[in-house]
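Novice: The structure that follows is given in the form of structure tokens.
The values are calculated or read from the model by the stated rules, or taken from the named source; none is laboratory data. Because the structure is a prediction, the values reported are computed rather than measured. Cβ coordinates were reconstructed from backbone atoms using ideal geometry, including for glycine residues, and neighbour counts include every protein chain displayed.
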Amino acid sequence: MNNKAQQKPRSNSRTRSFNPLAAALIIVAASAVVIGYCINVPENARMALIIYVCTMVCATLILAISGWIYKNKKTSVDEKDIIKITENLNTEMIIWSDDFEYVYINKKLRDLLGITADYSDKKEGVWTAFGINTPDPTALSKIVGSNSYESTFRNPSGAFVSIAWSTSQVKKYKKRSVYLSTGFNLTELKKMRVNLANANDFFHSAMELAEIGLVMSTDKKVFRVSPEMVNMLGLKSGTVNINEYRALIHPNDRIQFDGAVRSRDASDIKNIEIRLRSADGNYRWFSHRFKSITSTGNSLPLFGGAVIDVTEEHEKDILIERLAYIDEVTEIANRNKLVVTGQEIYDSCKVLDYSFWIIVLDIDRFHIINDTCGYSNGNYILKNFAHILYKFVTPGGLAARISGDNFALLLRDYGDDEMPTRTVKSIQDEFAKLAVDELASISLTCSAGFSKMPEDGRSFLEVMEHAEFALKSNDGTQSSICGYEPSMHDSIIGDTELEKSLALAIENNELQLYYQPKIDLNTGRIMGVEALIRWIKPDGTVISPDAFVPIAESSHLIGKISEFVLNEGCRQNKLWQKMGYPPIVMSINFASSDFYQTDLKDKVYEALARSALPPQWLEVELTESLALKDIDFAIDQMNRLRELGVKLAMDDFGTGYSSLRYLQILPITLLKLDRSFIIDIEHDNISFEIVAAVIRIAKSKKIETIAEGIENKGQQSILRSAGCDYGQGYLYGKPMPPEKIQELFEQNVRREIDTKR
Ligand code: C2E
Ligand code: MG
Ligand code: MG
């Protein structure tokens with residue numbers, strides 16, 4: 001403690017009930033009177049009296065002085081204590097008497113006033129501290145009479161200081177009162193208030209200048225919106241419940257908004273463009289730029305941002321977007337839009353705990369309809385299909401054309417797992433109703449695959465791929481609906497195992513050719529066979545090519561299989577010829593990787609040479625999708641095979657992206673009509689029309705035709721009447737081992753002999 005800094009209070013502040021000095025003076029005065037009186041008394045008595053009085057006076061003086069010293073000492077200790085306490089208190093303090101005879105200013109205030117402990121004009125210090133320029137008694141009464149008296153003065157560096165004083169009387173002595181004034185420094189608080197007011201002004205001006213709306217929320221329930229927003233949206237006040245605000249948002253855009261609000265605690269900036277119903281009742285586009293500020297000190301976390309009316313920009317964007325995101329034919333969203341929106345929805349699903357279905361739809365046999373009914377009818381069907389899908393879009397969802405005849409529908413999931421199937425069935429019903437007037441003879445059907453996001457994939461594209469996977473997983477039947485199951489991949493996982501055992505099977509000669517007869521529809525004669533591969537396991541189980549050819553195709557194994565088929569087919573056919581059966585055409589199937597080998601011609605030539613089979617008895621079957629992979633190379637390769645004298649057949653015609661146009665350019669000798677046309681040919685007019693038209697065109701190009709999958713006589717007679725040259729199917733015989741088909745050859749030979757007789 002700095003004792004120098006302490007000011008000694010004047011004695012008038014001391015607390016006394018007895019004044020020894022005054023008492024001593026009275027005694028001295030009384031003694032003087034006694035002495036004066038004693039002058040007239042006898043000398044000896046006078047002397048004794050004087051001695052007595054003097055002794056009394058001395059005793060009284062000693063008593064008074066010691067009393068005074070004692071009292072004085074006690075009071076000093078009290079004051080020191082008070083001063084000690086107040087001197088270093090972190091608040092401004094003055095102890096003062098109203099006549100300013102006694103003034104004590106504590107260190108905090110002295111520092112503020114720029115005065116020292118021995119500052120002489122203490123009165124002036126008090127006036128300054130109370131902010132009184134012209135001292136007058138009424139000013140003092142204001143200070144004393146008020147609980148909080150606010151003063152403002154400049155400190156020595158010229159800055160304004162504001163203090164709120166609380167004054168109470170601590171002592172009244174005669175006419176003098178002693179007060180204790182305690183200050184509360186308001187300077188910083190005032191500065192903050194000024195800053196806040198300035199900031200507010202600035203904020204409002206900035207908003208007016210920028211003409212932007214602003215929303216802000218410290219909780220999840222209420223938005224405080226700027227006056228600009230109040231005007232834009234026609235709100236009643238600047239405080240709006242978050243649900244009321246949400247109700248102004250276009251139903252299709254609410255999910256975006258929910259996503260932004262829900263992820264408000266993340267520090268990144270969220271930009272969303274959504275439609276809000278504006279004051280005039282119309283929806284306008286508003287760009288919302290949201291950000292969160294986490295709490296600091298006493299402030300609450302803030303979430304908010306600028307809202308700008310971007311309707312005009314949006315209208316321009318719409319034109320650009322139309323070009324980028326709208327499908328020209330159907331006028332619904334295209335694949336680009338689907339991918340962008342789909343990913344946005346996917347992200348929202350993750351944040352908001354929603355789920356959405358993606359349904360991928362395919363119009364069954366659309367390419368055929370397109371080829372036979374013409375492009376305008378094709379487009380009519382696509383447009384109407386899109387229109388039907390659009391009717392099933394729920395808020396926040398989307399209908400899009402992915403490509404060709406592939407469409408997608410995004411639907412919000414409400415926990416009903418039957419919803420996709422039910423929706424697809426309704427779409428199928430609506431679609432079938434389109435088959436009227438010119439399209440009356442066509443059966444319009446579609447198939448679908450669906451999956452759910454976010455659970456069915458790590459991104460929107462993956463979820464969509466899975467829906468497409470489900471769509472393709474059906475066996476080609478029309479009107480199929482299939483939901484994605486993760487177990488669908490099991491078959492792929494199992495493939496590696498299968499590949500290993502297939503490699504072993506080839507080593508162990510477990511592969512064998514079966515033969516299916518091909519019949520001349522005019523004569524009923526077996527004119528050829530198709531060699532179809534089988535895997536016969538040691539236990540006698542027969543595995544069909546669909547189960548292992550695709551796996552072989554994705555590995556080097558297909559090369560080995562094809563080599564075997566080519567050589568074995570030639571060898572067997574030559575053998576039959578040697579056995580004396582009438583010569584027939586042996587058809588073999590080629591996979592894509594076989595066909596695109598540059599030395600294919602050499603390999604075929606070698607097989608023919610090795611077996612000594614004349615080339616006209618060998619036919620190579622190619623699928624149209626295989627030929628279309630590289631049409632120029634395919635044509636060259638086919639021409640090279642034709643040079644050898646080998647026949648060429650177009651297999652499964654009508655299942656791929658075929659177009660009758662290819663018949664003009666591919667050097668084929670036989671067209672195989674796919675089984676899917678033959679199944680319905682008796683009842684489905686369009687199938688018959690297609691088949692008849694294809695046969696006519698093929699004939700005009702001198703291409704022979706064969707129908708696959710004939711199972712009954714009705715189909716046989718229709719095909720015969722349509723001018724189809726050959727037939728193949730269970731009606732004549734399933735694929736069978738060589739010794740079995742030889743029995744058919746025998747019957748064939750016997751029948752020919754019989755008819756000749
Ligand atoms: P594909 O070349 O179109 O062969 C015709 C398929 O239709 C055969 O199936 C045959 O059994 C079946 N089929 C024939 N008539 C009828 C019928 O009346 N009704 C029904 N329901 N089906 C009939 P398979 O033998 O199972 O062969 C399936 C596919 O496997 C073949 O279709 C072909 O693409 C492929 N494949 C068969 N063998 C080979 C081969 O050696 N090499 C290659 N690369 N592929 C082969
Ligand atoms: Mg075939
Ligand atoms: Mg076929």
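Novice: Which pairs turn up if I take residues in region 559-570 that are touching a residue at least 60 places away in the same chain (Cβ under 8 Å) and under 10 Å from M586 (Cβ atoms) and look for partners that are of a type in the set (G, A, S) and within 16 Å of ligand 2 (Cβ to nearest atom) with beta carbon separation below 8 Å, at least 6 apart in sequence or on another chain?
Specialist: Qualifying pairs under 8 Å: none.
Novice: Of the residues that make up region 647-668, is at least one modelled with pLDDT of 90 or more and away from ligand 1 (no atom under 16 Å from the Cβ)? Working first, answer last.
Specialist: Keep residues of region 647-668 that are modelled with pLDDT of 90 or more, which gives 647-651, 667-668.
From the residues that got through so far, the ones that are away from ligand 1 (no atom under 16 Å from the Cβ) too are 667.
Yes.
Novice: Look at F153 and say whether it is aromatic (F, W, Y), modelled with pLDDT of 80 or more and under 60 Å from the mean Cα position of the chain (by Cα). Steps first, answer last, please.
Specialist: Numbers: aromatic (F, W, Y): yes; modelled with pLDDT of 80 or more: yes; under 60 Å from the mean Cα position of the chain (by Cα): yes.
When the stated conditions are applied, F153 passes them.
Novice: If we keep just the residues of region 639-654 that are buried (at least 20 other Cβ atoms within 10 Å of the Cβ) and more than 16 Å from ligand 3 (Cβ to nearest atom), which is nearest to G709 (Cα to Cα)?
Specialist: Taking the candidates together, the pick is V646.
Novice: Before we move on, is T138 at pLDDT 85 or above and among the polar types (S, T, N, Q)?
Specialist: no
Novice: Can I ask one more? Provide a single number: the residues in region 416-441 that are touching a Ser or Thr at 6+ places or on another chain (Cβ under 9 Å), farther than 26 Å from Q343 by Cα and buried (at least 16 other Cβ atoms within 10 Å of the Cβ).
Specialist: Qualifying residue count, region 416-441: 3.
Novice: Return the residues of region 661-679 that are away from ligand 2 (no atom under 15 Å from the Cβ) and not in a helix (DSSP H, G or I); say none if nothing qualifies.
Specialist: L666, P667
Novice: Out of S562, S501, report the one residue that is within 16 Å of ligand 2 (Cβ to nearest atom) and not assigned by TED's automatic domain parsing to the domain that holds T423. Give the derivation first.
Specialist: Values: S501 fails: within 16 Å of ligand 2 (Cβ to nearest atom).
None of the others qualify; the one that does is S562.
Novice: Could you grab the pairs with beta carbons closer than 6 Å, sequence gap of 6+ or different chains, first residue in region 583-595 and of a type in the set (D, E, K, R), second one away from ligand 2 (no atom under 11 Å from the Cβ)?
Specialist: As it stands, the answer is D594/S562, since those pairs meet every condition given.
Novice: What helices (runs of 4 or more DSSP H) lie completely within region 527-626 and have 3 or more residues being at pLDDT 90 or above and more than 9 Å from ligand 1 (Cβ to nearest atom)?
Specialist: So the answer is 557-579, 600-611.
Novice: Tell me which residues, restricted to region 518-546, are within 16 Å of ligand 2 (Cβ to nearest atom), free of Cβ contacts under 8 Å to residues at least 12 places away in the same chain and either of a type in the set (G, A, S) or surrounded by 21 or more Cβ atoms within 10 Å (Cβ to Cβ) (or both).
Specialist: Our first condition is that a residue be within 16 Å of ligand 2 (Cβ to nearest atom); within region 518-546, this holds for 518-519, 527-534, 544-546.
Retained after the next criterion (residues that are free of Cβ contacts under 8 Å to residues at least 12 places away in the same chain): 544, 546.
Correct list: S544 only.
Novice: Would you pick out the residues in region 332-353 that are assigned to a loop (DSSP other than H, G, I, E, B) and of a type in the set (D, E)?
Specialist: Correct list: D353 only.
Novice: Please verify whether S554 is within 16 Å of ligand 3 (Cβ to nearest atom) and surrounded by fewer than 17 Cβ atoms within 10 Å (Cβ to Cβ), treating the condition exactly as stated.
Specialist: It is false that S554 is within 16 Å of ligand 3 (Cβ to nearest atom) and surrounded by fewer than 17 Cβ atoms within 10 Å (Cβ to Cβ).
Novice: Inspect all residues belonging to region 680-689 and state whether any of them is away from ligand 3 (no atom under 16 Å from the Cβ), closer than 30 Å to K603 by Cβ and assigned to a helix (DSSP H, G or I).
Specialist: No - not one qualifying residue is present in region 680-689.
Novice: Going residue by residue through region 612-625, is there one that turns out to be of a type in the set (D, E) and either more than 16 Å from ligand 2 (Cβ to nearest atom) or on the phi > 0 side of the Ramachandran plot (or both)?
Specialist: no
Novice: Residues of region 501-534 being under 22 Å from Q742 (Cα atoms) and small (G, A, S), which ones?
Specialist: Within region 501-534, G524, G528, A531 meet the criteria.
Novice: For L719, indicate whether it is modelled with pLDDT of 95 or more, in a helix (DSSP H, G or I), closer than 29 Å to Y581 by Cα and within 16 Å of ligand 3 (Cβ to nearest atom). Don't jump to the end; show me each part of the working.
Specialist: On the way: modelled with pLDDT of 95 or more: yes; in a helix (DSSP H, G or I): yes; closer than 29 Å to Y581 by Cα: yes; within 16 Å of ligand 3 (Cβ to nearest atom): yes.
Yes.
Novice: Something else: Suppose the filter is crowded, with 17+ Cβ neighbours inside 10 Å, among the charged types (D, E, K, R) and within 24 Å of A693 (Cβ to Cβ); does R365 pass it?
Specialist: yes
Novice: Here's a follow-up. Condition check: surrounded by fewer than 19 Cβ atoms within 10 Å (Cβ to Cβ) and over 19 Å from H367 (Cβ atoms). Does E739 satisfy that?
Specialist: Taking the combined requirement at face value, the residue satisfies it.
Novice: A follow-up question, please. How many of the residues making up region 690-716 are part of a strand (DSSP E or B) and more than 13 Å from F653 (Cβ to Cβ)?
Specialist: Selection size over region 690-716: 0.
Novice: On to the next question. Within the group Q512, Q478, which residue is touching a residue at least 24 places away in the same chain (Cβ under 8 Å) and assigned to a loop (DSSP other than H, G, I, E, B)?
Specialist: On inspection, the qualifying residue turns out to be Q478.
Novice: Out of T128, T116, T182, I need the residue that is at pLDDT 80 or above, loosely packed, with under 13 Cβ neighbours inside 10 Å, within 30 Å of D81 (Cβ to Cβ) and among the hydroxyl-bearing types (S, T, Y). Which one?
Specialist: Going through T128, T116, T182 in turn, just one is at pLDDT 80 or above, loosely packed, with under 13 Cβ neighbours inside 10 Å, within 30 Å of D81 (Cβ to Cβ) and among the hydroxyl-bearing types (S, T, Y): T116.
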